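Asker: Please read through the structure below; I'll follow up with questions.
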Amino acid sequence: MRAQQEIVLSVEGLKVYFRSEDEVARAVDGVDFDVRRRETVCLVGESGCGKTVSALALLGLIPRPPGEIAGGRVRFCGEDLLGRSDEALQTVRGRRIGMVFQEPLTSLNPVFTIGEQIAEPLRVHLSLPEPAIRERSVRLLNDVGI
């Protein structure tokens, strides 16, 4: 069994609800999982089962209202993510934790080059000078064989 200190992300009893005037949709109702350092975890399930909503909740990206985190705990590197402000989460999103969306056609914009789209989060989260952003973007493309 792996040591507890190797856990990078711990999700316990996560609940995400969406409210309308007369109903509550329980999109995620008690999800638990851990991700350890250097481990890949895939959320697998049928369409509409809550995979994307779970990931969006971890990053504080659930639209409020109508959505709400109705319960649970999310700890990343020992820090409670659910208790953080939007500004504090911005320092974590894209820099320390990210998400690969399941639908690439909605994630990539054909109006912009892939290089520009790779550079954008580097600009936002790393505050690098433009030559360094270009160099890192090219290196990332080379890393995946493009």
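The values are calculated or read from the model by the stated rules, or taken from the named source; none is laboratory data. Keep in mind that this is a model prediction, so the values were computed, not measured. No Cβ is skipped: glycine too gets one built from the backbone with ideal geometry, and neighbour counts run over all protein chains shown.
Asker: Could you list, in sequence order, the residues of region 15-31 that are within 18 Å of the chain's Cα centre (by Cα) and under 9 Å from Gly50 (Cβ atoms)?
Answerer: Answer for region 15-31, where residues must be within 18 Å of the chain's Cα centre (by Cα) and under 9 Å from Gly50 (Cβ atoms): Val16, Ala27, Val28, Val31.
Asker: What are the pairs with Cβ atoms under 9 angstrom where one residue, in region 50-79, is free of Cβ contacts under 8 Å to residues at least 60 places away in the same chain and more than 20 Å from Gly98 (Cβ to Cβ) and the other, located anywhere, is assigned to a helix (DSSP H, G or I) and of a type in the set (A, V, I, L, M, F, W, C)? Sequence gap at least six, or different chains.
Answerer: Qualifying pairs under 9 Å: Gly67/Val53; Gly67/Leu56; Gly67/Ala57.
Asker: Also, quick follow-up: Given the structure, is Gly145 modelled with pLDDT under 80 and among the small types (Gly, Ala, Ser)?
Answerer: Details: modelled with pLDDT under 80: no; among the small types (Gly, Ala, Ser): yes.
For Gly145, the condition - modelled with pLDDT under 80 and among the small types (Gly, Ala, Ser) - is not met.
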